[in-house]
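J.: Before anything else, here's the structure in question.
Read the figures in this text as sums done on the coordinates, not as results from a lab. Given the structure is predicted, the values throughout are model-derived calculations rather than measurements. Cβ: placed from backbone, ideal geometry, glycine included. Neighbour counts: every protein chain shown.
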Amino acid sequence: MQGIDNTVEVVSCSNCLAMSTRPRISFDERGWCNACTWMERKKHLDWDLRQKELRKLLLEYKEGSGKFDCLVPVSGGKDGSYVSYNLKHKYGMNPLCITITPPLPLKLGEENLKSFINCGYNHISMNPSSIAMKEINKLGFKEMGFPYFGWLIAILTIPIRIAMDLGIKLIFYGEDGEVEYGGSTETISNPFINVDYIREVYLEDGYDRVLNKINLPESDLNLFRFPEGNKSQLDDIKIVHWSYFENWDPYRNYMVAKEYCGLKEAPKTNIGTFTNFAQNDQALYALHTYLMYLKFGFGRANQDACIEIRRGAMDRDQALTLVDLYDGQYPDHFTEMYLEYFEVNQEEFDQILDQWANKKLFNKIKGRWRPKFKLL
């Protein structure tokens, strides 16, 4: 593993820049993280066999007669668009696409979603109680360092509820982030996940802890709850990661979505990174990745650089330069929006950020957290 200079016991992957502070990450004897070992393994995987598995799965759930075969959560961005495009045009399925409106949507994201819909996809927008969304997000921000925790819950609970209501038994998400980016390998040989896995891993065991503190009528919280009661009906629904069935490539997804779904990139690089074609739907993502940086020492640029290294588009030295330039940028472009949304002043906002800053990794200098470490 590569070292990190100075005072902290943190290492990074010898192949990419993934850091040992990432939850659930592991390294092999070469110092390669599990995302890079997966990249290596994918080169020798029998993708034809997995394509056969996919076609068998789709054939099993194909409805015909105009009924919806599957449900795909989308934002209008590259990954949901890519999955929807393939289901509809490559495999002849009839997907129903669903968007849970983010709490602080961006104009570009709204335009991209409209372009996607106009390409001929059946689509519904869901807007759960904005009061409940804000309260859950506020509590997630303060108690988990997770500023869009309510929205994350909703993109996991609502698709299941809609699928149950409409008799759809197949839900497709994009990539398995744990496998692709360096986390749990529990699902490395399994395309399916269940609600228990979602609660433990994706929601960081915070689902009950946060929702139990929200003092709102159950009618406001209903869409943020996983369905209970009819367990057999819930067990009949298959929640699937598309990345299990093919070699996942975010840049390829972007190019397909751009050509066939009208996706447009931002005119400039996004806050905290050198890319401009991903996560353009909402303002809270910049705050989420800044908090990720404060908690773990890696931010949006590090994530993007690791992806570029693994897909062979960038070497490690180039990635180091870009991470030094972009990682950990304070999201000041959206600060006024954050203060209004979370109903705090600047001092209170900074205090929340401060409580999540990892003091082993950062010192506060002139009002901003600066790293004690430098990636090597």
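J.: I need the calculated FRET efficiency for the pair Arg311 and Arg30, taking r as the beta carbon distance and R₀ as 25 Å, to the nearest 0.05.
T.: Details: r = 19 Å, r/R0 = 0.78.
In this case the efficiency is close to 0.80.
J.: Across every pair of different alpha-carbon atoms, what Kirkwood hydrodynamic radius in Å does the range 268-371 reach?
T.: 14.4 Å
J.: Give me the percent of DSSP beta bridges within the chain that run antiparallel, rounded to the nearest 5.
T.: Values: 11 of 25 bridges.
If we restrict to bridges inside the chain, about 45 percent are antiparallel.
J.: Please sort 68-74, 344-350, 139-145, 203-209 by packing, taking for each peptide the average over its residues of neighbouring beta carbons within 10 angstrom, highest first. Each step should come with its number before you reach the end.
T.: Values: 68-74: 23.3, 344-350: 12.7, 139-145: 20.0, 203-209: 16.1.
Most protected by this proxy first, the peptides run 68-74, 139-145, 203-209, 344-350.
J.: Any chance you could check the Cα centroid distance between the range 261-338 and the range 201-216 for me, in angstrom?
T.: 27 Å
J.: Can you put Tyr285, Tyr244, Tyr61 in order of Cβ neighbours within 10 angstrom, beginning with the fewest? Don't jump to the answer; show the numbers that get you there.
T.: On the way: Tyr285 25, Tyr244 19, Tyr61 14.
Fewest-to-most Cβ neighbours within 10 Å comes out as Tyr61, Tyr244, Tyr285.
J.: Give the dimensionless ratio obtained when the Cα radius of gyration of the range 160-310 is divided by 2.2 N^0.38 Å. Display every interim value, and only then the final one.
T.: Details: Rg = 17.8 Å, N = 151, 2.2 N^0.38 = 14.8 Å.
Rg over 2.2 N^0.38 Å, computed on Cα atoms: 1.20.
J.: Here's a follow-up. What is the Cα convex hull volume of the chain when expressed per residue in Å³?
T.: Details: hull volume 51.8 nm³, N = 376.
Considering the Cα atoms of the chain, their hull volume per residue is 138 Å³.
J.: Distance check, please: which entries in Lys78/Lys134; Lys42/Lys90; Lys134/Lys374; Lys52/Lys295; Lys52/Lys258 exceed 30 angstrom between their Cα atoms? Walk me through the intermediate numbers first.
T.: Values: Lys78/Lys134 26 Å; Lys42/Lys90 22 Å; Lys134/Lys374 36 Å; Lys52/Lys295 41 Å; Lys52/Lys258 27 Å.
Over 30 Å Cα-Cα: Lys134/Lys374; Lys52/Lys295.
J.: For the chain, which cysteines have no disulfide-compatible partner, meaning no other cysteine Cβ under 4.7 Å?
T.: Here Cys36, Cys70, Cys97, Cys119, Cys261 come out as lacking a disulfide-compatible partner, given the Cβ-Cβ threshold of under 4.7 Å.
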